Amino acid sequence: MDKENRFAPDQPDYRILVAEDHPENRALLRKLLQLAGLEVHEAVKRLIMKEIYELDVYKLSEQLYNLIWYAFDAWPKKVKQTNGYQIIRSSDSIAANLAEGYCRYTPADRKLFYRYARGSFEETKTWFRTLIRRDVITSEEINKGKVIYGNASIFATKENVDKYEFYFVAMNIRNNCFRA
């Protein structure tokens, strides 16, 4: 770096990374920053984070709450008023907490909402088992639920939540969370 192009005398060498989508803007930034005496590096290939609705774990939570939502209509009034509304709220909360945690900025915030989602998942399983024991849901619904729970239970372990990997572990998508 040229000593006379520095911001102030006796400054160390500074490096800066320019991440800009448009090549013209990136080139202009590079020239301006180099004139200011900075060593400029460019991030050309950008990574785009997947949307929450593209993640398999989120899709599983949607399948689960849809299964419950549509089964609810066939239940007797007593079941709807006791277990029905509870299981709808808890199953809806799984996806809602995943989505809210996904857009948080700090790992601690994300971890908190993933724990909430895990709690809602456990609550939903409790209500689901209750409905099975009380012969409220059909064997077809039981089988659909078991498939969803089997896939979803992979991501609902305490160890995964503690490692901030709650939503990535679900269907082995951790390495595929970003696309070029």
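Things to note:
- Considering region 108-146, the residues that are buried (at least 18 other Cβ atoms within 10 Å of the Cβ) and among the small types (Gly, Ala, Ser) include one that is farthest from TRP75 (Cα to Cα), namely ALA117.
- Scan of region 96-141 for residues that are assigned to a helix (DSSP H, G or I) and closer than 14 Å to TRP69 by Cα, ordered by number: THR124, TRP127, PHE128, LEU131, GLU141
- Scanning region 72-97 for residues that are within 15 Å of THR124 (Cβ to Cβ), surrounded by fewer than 20 Cβ atoms within 10 Å (Cβ to Cβ) and of a type outside the set (Ser, Thr, Tyr) yields a count of 7.
- You will find that of TYR116, TYR58, the residue that is modelled with pLDDT of 90 or more and not assigned by TED's automatic domain parsing to the domain that holds LEU17 is TYR116 and no other.
The values are calculated or read from the model by the stated rules, or taken from the named source; none is laboratory data. All values reported here derive from a predicted model rather than from experimental measurement. Every residue, glycine among them, receives a Cβ derived from its backbone with ideal geometry; neighbour counts consider all protein chains shown.
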